[in-house]
1. Divide, for the stretch 7-59, the radius of gyration over alpha carbons by 2.2 N^0.38 Å, where N is the residue count.
2. Calculate the spin-label point distance for L60 paired with S38, positioning each point 7 Å from the Cα along the beta-carbon direction, and give it in nanometres.
3. Just to check I understand the Karplus step: with θ = phi - 60° and J = 6.51 cos²θ - 1.76 cosθ + 1.60, what whole-Hz values come out for the stretch 6-19, glycine and proline as x?
4. Give me a comma-separated list of calculated 3J(HN,Hα) values for the stretch 46-53, in order, Karplus coefficients 6.51, -1.76, 1.60 applied at θ = phi - 60°, integers in Hz, x for any Gly or Pro.
Amino acid sequence: MNEPLPEIDPRLCTGCGCCVNLCPTWALELVDEKAVLSHPNACTYCTVCEDICPEDAISLPFLIVFAPAGHHGPVYQ
Ligand code: SF4
Ligand code: SF4
């Protein structure tokens, strides 16, 4: 399963660079004054960029975990 990745809305991004500077894994980069996730494999989904973006341009979709169908409790074997 693919990991969800931060989504950056270029219409909202002002190119302030906060997310680029604060991303602990250098996954982000400014390209033409817009933040882009240029190294998605480096992203650890830490949510720092989403938290600090002053324009709310970054959103991280939540992980959705599916339980097995018909499973209503822990399985002991
Ligand atoms: S912090 Fe937000 S506005 Fe600033 S560069 Fe990153 S995405 Fe763009
Ligand atoms: S979620 Fe964390 S690691 Fe991923 S781009 Fe944002 S600040 Fe960087």
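Nothing in this text is a laboratory measurement; each read-out follows from the coordinates by a stated rule. As the structure is a computational prediction, the values presented were derived from the model and not from experiment. Because the Cβ atoms are built from the backbone with ideal geometry, glycine has one as well, and the counts that use them run over all protein chains shown.
1. On the way: Rg = 9.5 Å, N = 53, 2.2 N^0.38 = 9.9 Å.
Rg over 2.2 N^0.38 Å, computed on Cα atoms: 0.96.
2. 2.2
3. Using θ = phi - 60°, the values come out as x, 10, 10, 8, x, 6, 9, 5, 9, x, 5, x, 4, 5 Hz.
4. 3J(HN,Hα) across the stretch 46-53, in whole Hz: 7, 6, 4, 5, 5, 5, 9, 5.
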